[in-house]
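None of the figures in this text is laboratory data; all of them are computed from the coordinates on show. Source: prediction; values computed, not measured. Positions of Cβ are generated from backbone atoms using ideal geometry, with glycine treated the same way; all protein chains shown enter the neighbour counts.
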Amino acid sequence: MSELAEAAAEADALAEQGDERALADLRAKWEQDVEHAARSQDFRERAVAYRAIAQFRFKQKTELLRRGLEDESPAARGSALIALEGLSRNHPGDVNSFRPLLHELAARDPNAAVRRLAIVCLRNGTSQRDTIQILDGIADSDEEEAELRKTARSVSTLLVKKSRAK
């Protein structure tokens, strides 16, 4: 495991423990490394960097995730989606700001795992009609794989429940 991955795992543990001071110190120490790795030629380093954004709780680096969501590598896109999903659990605005890109990934990404991760991210956003329609279209399509249809149906159902609870 790379040094950045190890530091990110430590940061995640500190965040879980609620040790904000130690987490802030670790963020300051590794911030430049995360930025550098996100721009690496090696997709594996980029994937670690995007995942680290969530592990370090780098809320101010969500725009760097956009780069990851548009990455040529499915591994990097997947890591960026995992990071976005983690950061957006209590902040629907993070998903909402990436909604058009998430719609595109969910509907058209050539990698099925990336599509499922994009759908899972949409679960953390606000309930919007266009998102529900896209998810229902995926869920109802016989051309999609069963797991993708199931995930889309589940997230669509959750978003409909959210909209009714308002």
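On C-alpha positions alone, give me the angle between the axis of helix 20-38 and the longest principal axis of the chain, in degrees, nearest 10. So the inclination is approximately 80 degrees. Exposed loop positions in the chain were taken to be GluC sites (Glu not before Pro) whose DSSP state is not H, G, I, E or B and which have at most 14 other beta-carbon atoms within 10 angstrom. Between these positions, the longest stretch is 73-142. Relative contact order of the stretch 1-88: what whole-number percent is it, with Cα pairs under 8 angstrom and at least 6 residues apart? Value for the stretch 1-88: 28 percent. Placing unit charges on each Cβ (+1 for Lys and Arg, -1 for Asp and Glu) gives the stretch 18-166 a dipole about its Cα centre, and among S79, A139, T126 the Cα reaching farthest toward its positive end belongs to T126. Extension gain for R44-K59 works out to 3.2 nm (0.36 nm per residue, less the C-alpha to C-alpha distance). Per residue, the average separation of C-alpha pairs within less than 8 Å and at least 6 apart gives the chain a relative contact order of 15 percent.
Pairs of lysines in the chain whose Cα atoms sit within less than 21 Å of one another amount to 4, provided the residues are eight or more positions apart or on different chains.
Given the DSSP H assignment, sum -39500 (n - 2.57) over each helix run of at least 4 residues in the chain and divide by its residue total; what's the result at 222 nm in deg cm²/dmol, nearest 500? Mind dumping the intermediate values first?
On the way: 10 runs with 129 residues, N = 166.
Estimated from H runs of four or more residues: -24500 deg cm²/dmol.
Note on the chain: with a GNM built from Cα contacts shorter than 10 Å, the maximum mean-square fluctuation among S141, S40, S127 falls on S141. Taking Lys and Arg as +1 and Asp and Glu as -1, the other residues whose beta-carbon sits under 12 Å from that of A9 total -4.
So how much slack lies between E145 and A112, counting 0.36 nm per residue of separation and subtracting their Cα-Cα distance, in nm? Write down the numbers at each step before the final one.
On the way: separation 33, 0.36 × 33 = 11.88 nm, distance 0.83 nm.
Net length gain for the segment: 11.1 nm.
Using alpha carbon centroids, what distance separates the stretch 1-62 and the stretch 92-118, in Å? Result: 22 Å between the Cα centres.
Under a Gaussian network description of the chain, with springs only between Cα atoms under 10 Å, the residue in L81, L101, L117 that fluctuates furthest is L101. Rg and Dmax of the stretch 90-166, based on Cα coordinates, read 11.4, 35 Å. Within the shell of other residues whose beta carbon sits under 14 angstrom from the beta carbon of A112, the net charge comes to +1, with Lys and Arg scored +1 and Asp and Glu -1. Working from the Cα coordinates of the stretch 63-122, the gyration tensor eigenvalues give, after taking √(5λ), semi-axes of 16, 12, 10 Å in decreasing order.
With r as the distance between the Cβ atoms of R164 and E70 and R0 = 30 Å, compute the FRET efficiency 1/(1 + (r/R0)^6) and round to 0.05. Write out the running numbers ahead of the final one.
Details: r = 34 Å, r/R0 = 1.13.
Plugging the Cβ-Cβ distance into 1/(1 + (r/R0)^6) gives 0.35.
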